[in-house]
């Protein structure tokens, strides 16, 4: 067997928190929008006309435990 060992030549530098916060906020907003469409986009809280959004997220709604009918 070989006696080669791994010796990294560069040291990883941490990402500054100032660069992480905008992406964390953006990701959080995307998650909140997705949660809205999966959980409440039907009936009285409906933003878009028709049942297309409801039918598109129907299985995900049941998978996450949201009742819909």
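The values are calculated or read from the model by the stated rules, or taken from the named source; none is laboratory data. These numbers come from a predicted model, not from an experiment. All Cβ positions, glycine included, derive from the backbone under ideal geometry; neighbour counts span all protein chains shown.
Checked against the criterion of being outside any helix (DSSP H, G or I), at pLDDT 85 or above and loosely packed, with under 12 Cβ neighbours inside 10 Å, the candidates 15, 4, 33, 25 yield just one match: 15. Considering the range 49-69, the residues that are within 18 Å of the chain's Cα centre (by Cα) and loosely packed, with under 12 Cβ neighbours inside 10 Å include one that is nearest to residue 31 (Cα to Cα), namely 64.
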